[in-house]
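These notes concern the structure reproduced below.
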């Protein structure tokens, strides 16, 4: 069953940075490169790609740092949650790493 998502919302772990996204991502990625492993602290990370205009930061924006010559990573300065990833060659896109709430019931499995 395909779900049509119209509005997403999410936040960092502590909730001080919140965002809403209009419509669904145009792409999604799993990455296991060494940089993503270090950024997220896990062996693999999941990212969702949006056009920059789709994302609205409701409270404050993530702090960004240059993780390389072309990449800027966004995080919450209060709790350290990784939130975003931007490539200088594609400033019209933003990649989000925080899991948004999409209003679709998904069975959760705890391992």
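The values are calculated or read from the model by the stated rules, or taken from the named source; none is laboratory data. In this text the structure is predicted, and so the values were computed from the model without any measurement. Cβ sites come from the backbone with ideal geometry, for glycine too, and all protein chains shown count toward neighbours.
Report yes if residue 69 is within 15 Å of residue 86 (Cα to Cα) and touching a strand residue (DSSP E or B) at 6+ places or on another chain (Cβ under 6 Å), otherwise no.
Taking the combined requirement at face value, the residue does not satisfy it.
Which members of segment 43-57 meet the condition of being surrounded by fewer than 13 Cβ atoms within 10 Å (Cβ to Cβ) and under 24 Å from residue 90 (Cβ atoms)?
Within segment 43-57, 44, 52, 53, 56 meet the criteria.
Report whether or not residue 77 is surrounded by 14 or more Cβ atoms within 10 Å (Cβ to Cβ) and without any contact (Cβ under 8 Å) to a residue 40 or more places away in the chain. Spell out the reasoning first.
Numbers: surrounded by 14 or more Cβ atoms within 10 Å (Cβ to Cβ): no; without any contact (Cβ under 8 Å) to a residue 40 or more places away in the chain: yes.
No, not satisfied.
For segment 1-97, please list each of the strands (runs of 3 or more DSSP E) lying entirely inside it that holds at least 2 residues being in contact with a helix residue (DSSP H, G or I) (Cβ under 7 Å, 6 or more places away or on another chain). Give the derivation first.
Working: elements: 7-11, 18-22, 27-31, 45-51, 55-57, 63-66, 71-75, 82-87, 93-96.
Fully inside segment 1-97 and qualifying: 18-22, 93-96.
Examine segment 97-111 for a residue that is closer than 18 Å to residue 16 by Cβ, in contact with a strand residue (DSSP E or B) (Cβ under 8 Å, 6 or more places away or on another chain) and modelled with pLDDT of 90 or more, and state whether such a residue exists.
no
Filtering segment 10-39 down to residues that are more than 13 Å from residue 94 (Cβ to Cβ) and crowded, with 18+ Cβ neighbours inside 10 Å, which residue is modelled with the highest pLDDT?
Ranking the qualifying residues of segment 10-39, first place goes to 17.
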